[in-house]
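The values are calculated or read from the model by the stated rules, or taken from the named source; none is laboratory data. The model shown is predicted, which means the values in this text are computed figures rather than measured ones. Backbone-built Cβ (ideal geometry, glycine too); neighbour counts: all protein chains shown. Keep in mind that these areas ignore ligands, DNA and RNA; they rest on the heavy atoms of the full protein, side chains included. Shrake-Rupley method; radii C 1.70, N 1.55, O 1.52, S 1.80 Å.
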Amino acid sequence: MRRELVCLRPSVPAALQVRQAPLPEPGHGEVRVRVQATSVNPIDARRASGYGQRLLSLKGAGRFPLVLGNDLVGHVQALGAGATGFAVGERVFGLVGTGRRGGAHASHVVVPEAWLRPAPAGMAAAALAVLPYAFTTMWQAVRSAGLHPGNAAGRKVLVLGAAGALGRLSLQLLSSWGCAVTAIASAGTPAECLALGASMALERGPAVLGQLPDDFDAALNFASWDEDIALASRLGTTALGQATTVHPLLGHFDRLGWLKGALACQHDKQQVQAVVRQRCPTARYAWTIFKPDAQALDELATRVAATRISLPVGLCTGLEQADSAFAHVAAGRPGRAVLIP
């Protein structure tokens with residue numbers, strides 16, 4: 001039998017229950033994994049309150065009760081037809097996509113083998129479980145802003161929200177690519193950002209962005225939609241682009257419905273895009289939306305194997321104590337939260 005953590009209904013705090021269910025059978029190209037560890041991300045805590053229901057319903061992921069979670073570490077237990085990349089018993093890590101089949105907060109999950117990678121034997125499950133979703137989302141933002149290993153060396157990059165999970169990962173990635181990163185971070189964390197590879201780190205405040213030069217090659221917003229325009233104003237005249245992971249897409253549809261939500265998204269996106277293009281007519285502007293990405297997982301696997309990427313873990317607990325993990329994340333406490341099924 002499978003033990004799964006079910007979010008019963010939209011609620012604050014999260015209304016959670018552990019249930020028994022039949023073991024899922026892998027289909028063509030799929031693998032069933034016995035889960036060692038899975039993380040609770042901020043999006044899980046928000047979705048537990050009902051956030052994103054309207055738009056996610058298009059993917060079959062908006063109806064309660066539901067199983068949340070995207071990250072997993074575990075051992076291959078069964079192979080579907082055509083799944084040849086892994087062997088039964090092999091340790092793996094990776095992602096479950098957001099969709100109608102449910103998430104990773106369970107003892108067993110079925111995953112397309114394309115979204116799994118071999119897990120290093122010596123890395124703790126909790127330390128590995130906090131990486132795939134956050135790294136993939138960060139990677140998609142970095143690439144959407146126009147940065148890649150071939151053009152990054154020497155580029156000036158501005159990162160807002162640099163002390164959060166996505167920000168920390170971006171500092172480790174971009175500094176290894178040779179970028180000069182200016183980190184804007186929460187109070188008390190600039191020293192940590194410098195240790196992670198930032199060239200300069202400043203505490204976030206109402207006047208900080210306006211005091212910076214306006215010659216950045218790229219900007220990444222992992223902190224606040226309200227500051228997206230101010231961030232765009234710091235781009236240089238030859239900038240590559242800007243990407244944000246904190247856009248109002250899901251919230252607009254939740255509050256305004258389909259038509260008004262779409263119009264509000266169009267208005268807000270075009271408003272920032274106009275500032276970006278004013279700074280540099282060829283610069284990109286993107287709202288990052290998570291989805292599994294093979295290239296991101298390949299890069300993460302390489303870095304994990306070389307122990308060149310990490311995030312702090314703040315809490316590990318079982319499924320029966322998942323309330324504490326969701327509360328930890330919802331309160332923004334330091335370190336990631338991990339469930340051990």
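Listed by chain and number, the aspartates and glutamates whose alpha-carbon sits under 18 Å from that of residue 291, ignoring those within fewer than 8 places in the same chain, are 30, 44, 71, 113, 299. Binning the alpha carbon pair distances of segment 219-326 at 10 angstrom intervals from zero yields the distribution 13, 27, 31, 23, 6, 0, expressed in whole percent.
A probe of 1.4 angstrom, applied to the heavy atoms of all protein chains, finds residue 107 with accessible area near 0 square angstrom.
What FRET efficiency comes out for the pair residue 51/residue 203, r = Cβ-Cβ distance, R0 = 22 Å, nearest 0.05? If you can, show how the numbers build up before the last one.
Working: r = 28 Å, r/R0 = 1.29.
FRET efficiency, residue 51 to residue 203: 0.20.
Altogether, the Stokes-Einstein calculation at 4 °C and 1.567 mPa s, with the Kirkwood radius of the chain over Cα pairs as Rh, returns a diffusion coefficient of 63 µm²/s.
Find which of 306, 163, 29 sits farthest along the positive direction of the dipole of the chain, computed with +1 on the beta-carbon of Lys and Arg, -1 on that of Asp and Glu, about the Cα centre. Toward the positive end, the furthest listed residue is 29.
For residue 269, the lysines whose Cα comes closer than 19 Å to its Cα, not counting residues fewer than 8 places off in the same chain, are 260. Under the rule of at least 5 residues apart or a separate chain, name every residue whose amide H is placed under 5 Å from the amide H of residue 68. Correct list: 7, 103, 105.
Output the DSSP H helices from the chain with an along-axis C-alpha extent of no less than 27 Å and a mean Kyte-Doolittle hydropathy no less than -0.5. Within the chain the helices that satisfy the rule are 249-279.
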